Amino acid sequence: MTRSPAQPFLIGILVSVAAICVALAQAPPPPDSRSIRGEVSDPDGVPLRRARIVVSSYSNDTVFTDDDGRFVIERVLSTTLTVRVTKAGYTEDVATVDANERASVRFTLARSAALGGRVRDTFGAPVTDAYVIARLIQPVGTPTKAASSVRPFVKTDAWGDFRLGGLPPGEYEVSAARVASNTPRQRQNLENVLFGPRPALTASSETQRIRLAPGDERPIDFTLDGPSEPCAVTPDSWPPGAGTAVIRGRVVGASGEPLPCATVRIQRPASIVRQVQTNAQGAYAIDGLPAGSFAVAASKLGYVRLAYGQRVPQDPELPVSLRTGEQRRSIDFVLPVDPVVTGTVRDERGEPVTGIRVMPIQLVRMEGRTTAIAPGAFPIFSDDSGRFRLPVPVPGKYLIAATSSADISMTQQGRAHVYATTYYPGTSDLSTAQPVDVEVGRNVSAIDIQLIPSFAATVSGIVLDAGGRPFSGRISLSGSVRSNAVMSASRTAQADATGAFIIRNVPPGDYVVSAAPERQFGMRHVTVVDTDPPPVLIRASAGASVAGGVLIDGIPAPDDAGITVTAYPVDLDLAPPSNGPRGSLGSSVLEGARFRLAGITGRARLSVATPKCESCYVKTAFVNGADAVDSGFDPGVEGSSVSDAGILVSAAGASLEARVRGEPATSTSSVILVVFSTDRELWYPRSQHVKTPPAASRPARRVTGLPPGPYFVAAYDARAVHVDGGSWNDPSLLERLASRAQRITLAERELRIVDLPLIAD
């Protein structure tokens, strides 16, 4: 039998897919590896469940003990290893396992004690970079090997707070100190400085002596001499001749304490003019400024960023206007401390768990649906008591998530389970998680999360480009918009040289796996229930192309007007992952009144931007005989090309001006005017039938370029009327406004002036 040239390649792809399946089913241990088994108990021999075992070598392997206090870690390297055991409320223990030893290790953990409090400077401000040091003078009982050599210390957080837990019972000398900024931050180097001679420290407190019994949690505070940060400011003037105006002021905390090293930034639209830092008394000065109007804002780690005139971020900003040579004083800021969410992470039986990462996931409205976005932030982990303290710098609605990369050890038989990402109060399903409202000035407590042991799937497959070649690039896995669940942030993996990819620890749900080779796109829907889904084969394609002409009624030389035609997907599952949830499928600037779009995958809508024509709107647009704006069009099969699309743009759009009754004189920037069609089918993203004045023109009350037809018109105060995480064009907000809005009908070229009440509740 004669093979075609393509057969060896196809056989290779099938072999690669099979290899993935086999590798996932039973990955063979490395040739130079072994297992470590052991037990963890208290001094009375009672097994300790869900103790955390970390094996340190070139990497960290982690498991939790099972219900009988046993653990096993497979396939660890045959080298000398350090095995460390921790559990909430207990002292840690550690053992060294020799390179050639097939280890069976027993650990004994005793009840621990803890210290907690705050470090302040002599001005009363929190010290964010101090270390609290506890020197064990006299132990109680017989400490474990790890406890007998422990030199415990901890760094204060953004509020100057600290918790030093896992302490062996005994008598301690405790103090707080600050070290030089150039001190290496590796733990061993820090220990040598902190537990060395006091002259090595740049500042230290008086030593306090304290005796701790098993289970004690004792409060203790410290004061360091001088300001909280060694920050002195030398004003940085503009170049000679730039200006002669000066702005001065102070930045303080909510209790009036000065905030040194706060950043004060002065801006004009689209640019940062200057920024300086406050001195030890929280004062600042910005000189050499030209005349004009400026926005001024202050920020500091651990505090809410505010613009001048704001008490909370939702308040309107007040511009600072300067005349030539003017000295403006008392441009002051009172920054509230970032709100925090506190709680405890517990296992399925209610016992606290240490070392679990906790993070806030903000719920925002995008494209008419709720999306969960995890902000980039420093990781927060549950402490020795299982408690966490989570800063949330931006007010809003959040899910609180707990994650762990550790398996639950299965020492007898069966497949190991993991603690899947668990959302407050105790669910792995985003759609059933309970949101938490975070407001400025209000901490949220008792947010206890119960971890759920569950199956976590592996999603795997092969990606080929349009030519059938393996794609060795980034693969994206994200929640499918076709489900009613909250859409989570996407996860990524890298395909290898054969196009094969593996994405592990995927909880149950409906997903889209996609890849975007150069100017191509491919995707597959994947559903995870209680088993690994079959490997998927993703074939990317270049999509379809659409070209045509644009006729503009009322504007000469349209190709010189900066007009752009953009295609947006109707189904976001078909949007390339690199473009994100608001991504387009492509844009084209007119050339000779014609446009060309490539890479159209699935049903799409066309949008036309006319930057030099405020009154313009799309009157008609057709692709393959179908409406290409409001209903959307199907570009045809892969590789198809449409060359006769047509768009008619009219410069005869309607305009509307509003006068708002009951509007406070100082809140113009928080009042939003919305004009939206009475046809709810037209409330899609970027619809020309749903408009508000451009942000740059607010507080103007004028909307232009409206197609003729019936509309709702409403003005609302964004501080009082809002959709959680949503914006002015969110369909759920429009639905709420519709019952209180004024109804009008607009004709072409009409200018309508309306009086509106302010919706403020």
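The solvent-accessible area of residue 631, taken with every protein chain present and a 1.4 Å probe, is close to 80 Å². Derived scalar couplings between HN and Hα for segment 45-53 equal x, 6, x, 10, 7, 6, 6, 9, 10 Hz in order, rounded to whole Hz, by the Karplus curve 6.51 cos²θ - 1.76 cosθ + 1.60 (θ = phi - 60°), x for Gly and Pro. Considering segment 424-502, its Cα convex hull presents a mean projected area of 8.2 nm².
Within straight-line reach of residue 619, meaning a Cα separation under 30 Å, sit the following lysines at least 8 residues removed in sequence or on another chain: 691. When nucleic acids and ligands are ignored and a 1.4 Å probe is applied, residue 80 ends up with an accessible area of around 80 Å².
Between residue 67 and residue 682, 0.36 nm times their residue separation minus their Cα-Cα distance comes to what?
Contour length minus the Cα-Cα distance gives 215.7 nm.
Residue separation of residue 79 and residue 494 scaled by 0.36 nm, minus their Cα-Cα distance, works out to 146.4 nm of gained length.
Approximating the spin labels as points 7 Å out from Cα along Cα→Cβ, the residue 348-to-residue 189 distance works out to 4.4 nm. Accessible surface of segment 270-323, 1.4 Å probe: 53 percent of it comes from carbon and sulfur atoms. Mind running the shape call on segment 269-312? Use the C-alpha gyration tensor, a ≥ b ≥ c as the square roots of the eigenvalues: rounded below 1.5 for a/c, prolate if a/b tops b/c, oblate otherwise. Verdict is oblate for segment 269-312. Put simply, the amide H of residue 552, placed in the peptide plane, has neighbours under 5 Å in 649, leaving out anything fewer than 5 places away on its chain. Using the Karplus relation 6.51 cos²θ - 1.76 cosθ + 1.60 with θ = phi - 60°, the per-residue 3J(HN,Hα) values for segment 517-533 come to x, 3, 6, 9, 7, x, 8, 9, 7, 9, 10, 10, 10, 9, 9, 5, x Hz, with x marking Gly and Pro. Sites listed here are trypsin sites (Lys or Arg not before Pro) in segment 301-332 whose DSSP assignment is loop and whose Cβ has at most 15 other Cβ atoms within 10 Å: 311, 323, 329. Would segment 301-402 count as rounded, prolate or oblate if I go by the C-alpha gyration tensor, calling it rounded below 1.5 in a/c and otherwise prolate when a/b exceeds b/c, oblate otherwise? Prolate. Residue 436 sits with roughly 10 Å² accessible to a 1.4 Å probe, with DNA, RNA and ligands left out of the calculation. Solvent-accessible area of segment 418-475 (1.4 angstrom probe, protein heavy atoms only): carbon and sulfur portion equals 42 percent. Note on residue 614 and residue 314: the model spin-label points, each 7 Å out from Cα along the C-beta direction, lie 3.1 nm apart. Note on residue 155 and residue 403: their simple-model spin labels are 2.1 nm apart, each label 7 Å out from Cα toward Cβ. Between the amide H of residue 480 and those of 510, 511, 512, distances stay under 5 Å, these residues lying 5 or more places away or on another chain, with hydrogens modeled in the peptide plane. A straight chain from residue 281 to residue 519 at 0.36 nm per residue would run longer than the Cα-Cα distance by 80.1 nm. Electrostatic bookkeeping for residue 109 treats Lys and Arg as +1 and Asp and Glu as -1; over the other residues with beta carbon under 10 Å from its beta carbon, the sum is -1. Summing Lys and Arg as +1 and Asp and Glu as -1 over all other residues whose Cβ lies under 15 Å from the Cβ of residue 707 gives a net charge of -2.
The values are calculated or read from the model by the stated rules, or taken from the named source; none is laboratory data. Everything quoted here is computed from the prediction, not taken from an experiment. No Cβ is skipped: glycine too gets one built from the backbone with ideal geometry, and neighbour counts run over all protein chains shown. Side chains included, ligands, DNA and RNA excluded: accessible areas come from the protein's heavy atoms. Shrake-Rupley method; radii C 1.70, N 1.55, O 1.52, S 1.80 Å.
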